[in-house]
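For reference, the structure discussed in these notes is given below.
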Amino acid sequence: MPSQRADHAFLPRGWAADHTVPVAAGGSDAVAWRLTGLPNLHSHAFQRAMAGLAERQSHPEDSFWTWRELMYRFAGRITPEALHAIASQLYVEMLEAGYTSVCEFHYLHHQPDGRPYDDAAEMSNALIAAARDTGLRLTLLPVLYMSGGFDGRPLSERQRRFGHTLEAYQALLSALRARAGDTLAVGIALHSLRAVPEGPMRELLDDVGDTPMPIHIHIAEQIGEVQDCLALRGARPVEWLLDHAPVDARWTLVHATHLEPSEVRGIVASGATVALCPTTEANLGDGLFPLRDYLQAGGHWGIGSDSHVSVSPVEELRWLEYGQRLVTRRRNIAVSATQSSTGELLYAQALQGGLRACGQPGAADDFIVLDAQAPALAGATRDDLLDRWVFAGNRSLVQETHVAGQRLVSGGRHRDRDAVAAGYVRAMRTLLAS
Ligand code: NGQ
Ligand code: ZN
């Protein structure tokens with residue numbers, strides 16, 4: 001097998017010198033800058049097709065909740081063919097931007113009227129095929145979605161596509177788990193405490209027991225959710241979850257935006273990972289995660305592109321830090337006693353947390369190569385490489401992306417970029433005309 005030598009390789013444990021790895025034939029055999037690729041911990045692939053289409057005021061008090069109505073309307077029009085085309089385009093963009101794996105928080109299960117497809121896994125199949133075709137590593141998280149709010153109200157008409165009985169969900173889960181392989185992992189997701197009542201949550205988690213698998217949940221993203229949880233369950237969402245579920249290192253809490261100090265400590269003690277989605281959280285007006293306290297407490301975290309208003313790990317990391325700078329009026333917040341480079345701390349921790357949460361042991365071997373000829377990297381050293389990329393790498397600096405021993409991106413282009421984009425354009429035409 002041919003190999004590729006890197007002058008500098010950034011691994012999950014930090015920089016290594018003069019590092020050689022086996023690679024598929026056909027590309028560069030020596031490079032300057034190689035980095036382990038980042039897992040993307042949170043994606044709803046279909047939302048890529050509505051990115052940029054919810055930026056006109058629809059209500060004088062536009063909010064997360066009015067956005068959600070638009071999103072539901074859009075979700076109602078997605079066919080399995082459209083989902084395959086959209087996810088393929090999205091996954092090409094992810095690979096070109098430097099993500100090497102994705103966790104799909106997948107709840108668009110059924111036909112628009114709520115009836116299952118003949119094959120209950122039809123929509124899951126579209127995502128699995130898109131990942132296989134583009135080469136992105138996939139952690140598929142079929143979502144359990146049962147109620148329309150904390151009060152247990154039934155699903156609204158627009159939510160019917162998402163819903164399952166516990167039995168039907170478990171059947172889907174075991175069918176999907178039987179297909180897991182080298183670059184496909186399957187875990188579970190609870191949509192949120194709003195959407196999963198306590199009884200079924202317990203039953204599902206009892207059934208899962210100690211089985212090692214990723215377990216993801218949306219939590220405490222909006223103040224309204226915190227208030228409803230307090231009113232109906234007598235505790236804040238994260239507080240309630242930590243008291244009622246066996247939260248451990250398998251778990252990923254998505255957003256966890258609104259936290260009291262005791263909840264920060266509780267998450268850290270549980271060993272769970274938090275999936276932060278800074279560009280989506282900003283876009284939706286969620287609020288600001290208490291990053292400084294969480295880092296000081298030693299919490300695990302990774303990043304997700306969620307609604308895909310941005311498909312760039314660099315932009316997620318940058319905005320994670322910038323949000324903190326804007327409210328604290330200070331600079332270089334994400335640092336530690338042993339790491340004064342903000343870019344390097346952000347990249348290293350997003351990588352370590354990402355690998356922890358994606359349930360893909362092979363992901364630590366996936367990597368990207370940065371363009372050493374780019375002006376943005378002129379004279380770069382190990383001490384400033386990640387700061388340059390995270391804070392000033394505006395043009396994509398990713399030259400190659402390799403997943404599971406395959407070179408998927410070279411010269412900054414995915415091998416199927418044009419064909420996939422053409423399929424996406426066709427799907428969008430149909431979708432926007434429907
Ligand atoms: C979702 N997205 O499931 O796509 C959610 C909105 C909800 C984000 N929270 C729907 N970013 O939370 O009910
Ligand atoms: Zn989400």
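The values are calculated or read from the model by the stated rules, or taken from the named source; none is laboratory data. Since this is a predicted model, take the numbers as computed values, not measurements. No Cβ is skipped: glycine too gets one built from the backbone with ideal geometry, and neighbour counts run over all protein chains shown. Heads up: the accessible areas ignore ligands, DNA and RNA and are worked out on the full protein's heavy atoms, side chains in. Shrake-Rupley method; radii C 1.70, N 1.55, O 1.52, S 1.80 Å.
Being surrounded by fewer than 21 Cβ atoms within 10 Å (Cβ to Cβ), assigned to a strand (DSSP E or B) and more than 26 Å from the chain's Cα centre (by Cα) is the filter here; which residues of the stretch 1-23 pass it?
SER3, ARG5, ASP7, HIS8, ALA16, ALA17, ASP18, HIS19, THR20, VAL21, PRO22
Pairs needed: first member in the stretch 266-295, more than 16 Å from ligand 1 (Cβ to nearest atom) and among the polar types (S, T, N, Q); second member anywhere, open to solvent by 10 Å² or more (accessible area, probe 1.4 Å) and not in a loop (DSSP other than H, G, I, E, B); C-beta distance under 6 Å; at least 6 residues apart or different chains.
Here the result reads THR273/HIS300; THR273/ARG356, each pair linking the stretch 266-295 to a residue that is open to solvent by 10 Å² or more (accessible area, probe 1.4 Å) and not in a loop (DSSP other than H, G, I, E, B).
Could you say which residue among ALA433, ALA422, ALA427 is in contact (Cβ under 8 Å) with a residue 12 or more places away in the chain and either out of contact with any strand residue (DSSP E or B) (no Cβ under 7 Å at 6 or more places or on another chain) or on the phi > 0 side of the Ramachandran plot (or both)? Step through it out loud before you land on a result.
Working: ALA433 fails: in contact (Cβ under 8 Å) with a residue 12 or more places away in the chain; ALA422 fails: in contact (Cβ under 8 Å) with a residue 12 or more places away in the chain.
Being in contact (Cβ under 8 Å) with a residue 12 or more places away in the chain and either out of contact with any strand residue (DSSP E or B) (no Cβ under 7 Å at 6 or more places or on another chain) or on the phi > 0 side of the Ramachandran plot (or both) holds for just one of ALA433, ALA422, ALA427, which is ALA427.
Output yes when any residue across the stretch 162-174 is open to solvent by less than 10 Å² (accessible area, probe 1.4 Å), within 26 Å of LEU351 (Cα to Cα) and at pLDDT 95 or above, and no when none is.
Checked against the condition, which is being open to solvent by less than 10 Å² (accessible area, probe 1.4 Å), within 26 Å of LEU351 (Cα to Cα) and at pLDDT 95 or above, the stretch 162-174 yields no hits at all.
Please go through the stretch 138-154 and pick out each residue that is touching a residue at least 40 places away in the same chain (Cβ under 8 Å) and open to solvent by 10 Å² or more (accessible area, probe 1.4 Å). I'd like the intermediate steps shown before the answer.
Within the stretch 138-154, the subset touching a residue at least 40 places away in the same chain (Cβ under 8 Å) is 138-152.
Within the stretch 138-154, MET146, GLY148, PHE150, ASP151, GLY152 meet the criteria.
VAL314 - would you say it is within 16 Å of ligand 1 (Cβ to nearest atom) and either of a type in the set (Lys, Arg) or at negative phi (or both)?
Numbers: within 16 Å of ligand 1 (Cβ to nearest atom): no; either of a type in the set (Lys, Arg) or at negative phi (or both): yes.
Considered against the rule, which asks whether it is within 16 Å of ligand 1 (Cβ to nearest atom) and either of a type in the set (Lys, Arg) or at negative phi (or both), VAL314 comes out as no.
Looking only at the stretch 24-53, how many residues end up being within 19 Å of ALA433 (Cβ to Cβ) and either open to solvent by 60 Å² or more (accessible area, probe 1.4 Å) or within 16 Å of ligand 2 (Cβ to nearest atom) (or both)?
Here is the first cut: in the stretch 24-53, the ones within 19 Å of ALA433 (Cβ to Cβ) are 46, 48-53.
Add one more test, that the residue is either open to solvent by 60 Å² or more (accessible area, probe 1.4 Å) or within 16 Å of ligand 2 (Cβ to nearest atom) (or both), and what stays is 46, 48-51, 53.
Going through the stretch 24-53 one residue at a time, the tally reaches 6.
Filter the stretch 34-81 down to the residues that are hydroxyl-bearing (Ser, Thr, Tyr) and within 20 Å of GLY285 (Cα to Cα) and list them by number.
Taking the stretch 34-81 as the starting set, the residues that turn out to be hydroxyl-bearing (Ser, Thr, Tyr) are 36, 43, 58, 63, 66, 72, 79.
Those that are hydroxyl-bearing (Ser, Thr, Tyr) and within 20 Å of GLY285 (Cα to Cα): SER43, SER58, SER63, THR66, TYR72.
If THR430 meets every condition in (1) over 21 Å from the mean Cα position of the chain (by Cα); (2) within 27 Å of LEU184 (Cα to Cα); (3) not hydrophobic (A, V, I, L, M, F, W, C) apart from one, which number is that one?
Among (1) over 21 Å from the mean Cα position of the chain (by Cα); (2) within 27 Å of LEU184 (Cα to Cα); (3) not hydrophobic (A, V, I, L, M, F, W, C), THR430 violates only (2).
How about the stretch 350-431: which strands (runs of 3 or more DSSP E) wholly inside it have at least 3 residues that are at pLDDT below 95 and under 25 Å from TRP319 (Cβ atoms)?
On the way: elements: 367-370, 398-403, 406-410.
Result: empty, no element qualifies.
Can you tell me which residues in the stretch 259-271 are part of a loop (DSSP other than H, G, I, E, B) and surrounded by 23 or more Cβ atoms within 10 Å (Cβ to Cβ)?
Step one: of the stretch 259-271, the residues part of a loop (DSSP other than H, G, I, E, B) are 259-260, 271.
LEU259 - this is the single residue of the stretch 259-271 that is part of a loop (DSSP other than H, G, I, E, B) and surrounded by 23 or more Cβ atoms within 10 Å (Cβ to Cβ).
Taking VAL196 and the conditions (1) within 23 Å of the chain's Cα centre (by Cα); (2) over 18 Å from GLY114 (Cβ atoms), which numbered condition does it fall short on, given that it satisfies the others?
(2)
I'd like the full set of residues that are among the small types (Gly, Ala, Ser) and either over 25 Å from ALA433 (Cα atoms) or surrounded by 23 or more Cβ atoms within 10 Å (Cβ to Cβ) (or both), limited to the stretch 67-115.
Restricting attention to the stretch 67-115, the residues satisfying the condition of being among the small types (Gly, Ala, Ser) are 75-76, 82, 85, 87-88, 97-98, 101, 114.
Within the stretch 67-115, ALA85, ALA87, SER88, ALA97, GLY98, SER101 qualify.
Any residue that is open to solvent by 20 Å² or more (accessible area, probe 1.4 Å) and within 16 Å of ligand 2 (Cβ to nearest atom) - is there at least one of those in the stretch 289-307?
Applying the first criterion (open to solvent by 20 Å² or more (accessible area, probe 1.4 Å)) to the stretch 289-307 yields 290, 292-293, 295-298, 300.
Checking the rest, the ones that are also within 16 Å of ligand 2 (Cβ to nearest atom) come to none.
Among the residues of the stretch 289-307, not one is open to solvent by 20 Å² or more (accessible area, probe 1.4 Å) and within 16 Å of ligand 2 (Cβ to nearest atom), which makes the answer no.
Just the residues that are in a loop (DSSP other than H, G, I, E, B) and either open to solvent by 10 Å² or more (accessible area, probe 1.4 Å) or within 10 Å of ligand 2 (Cβ to nearest atom) (or both), please, taken from the stretch 272-285. Steps first, please.
Taking the stretch 272-285 and keeping what is in a loop (DSSP other than H, G, I, E, B), we get 272, 277, 284-285.
Within the stretch 272-285, CYS277, LEU284, GLY285 qualify.
For LEU166, all conditions in the list (1) touching a residue at least 60 places away in the same chain (Cβ under 8 Å); (2) more than 19 Å from ALA75 (Cα to Cα) hold save one; what is the number of the exception?
It is condition (1) that LEU166 fails.
For the stretch 224-241, state whether one or more residues are surrounded by fewer than 21 Cβ atoms within 10 Å (Cβ to Cβ), under 20 Å from the mean Cα position of the chain (by Cα) and under 26 Å from GLY299 (Cα atoms).
No - not one qualifying residue is present in the stretch 224-241.
Which count do you get for residues in the stretch 310-348 that are assigned to a helix (DSSP H, G or I) and of a type in the set (Lys, Arg)?
Taking the stretch 310-348 and keeping what is assigned to a helix (DSSP H, G or I), we get 313-328, 342-348.
If we keep only those that are of a type in the set (Lys, Arg) too, we end up with 318, 325.
So the answer is 2.
Limited to the stretch 330-386, what total is found for residues that are open to solvent by less than 40 Å² (accessible area, probe 1.4 Å), under 20 Å from VAL409 (Cα atoms) and among the charged types (D, E, K, R)?
Going through the stretch 330-386 one residue at a time, the tally reaches 2.
With LEU176, LEU136, LEU172, LEU144 as the choices, which residue is over 24 Å from ARG202 (Cα atoms) and in contact with a strand residue (DSSP E or B) (Cβ under 8 Å, 6 or more places away or on another chain)?
On the way: LEU176 fails: over 24 Å from ARG202 (Cα atoms); LEU172 fails: over 24 Å from ARG202 (Cα atoms); LEU144 fails: over 24 Å from ARG202 (Cα atoms).
Just a single option satisfies the conditions, and that option is LEU136.
Quick check on my filter: what residues within the stretch 57-66 are near ligand 1 (Cβ under 9 Å from one of its atoms) and open to solvent by 60 Å² or more (accessible area, probe 1.4 Å)?
Passing the criteria: only TRP65.
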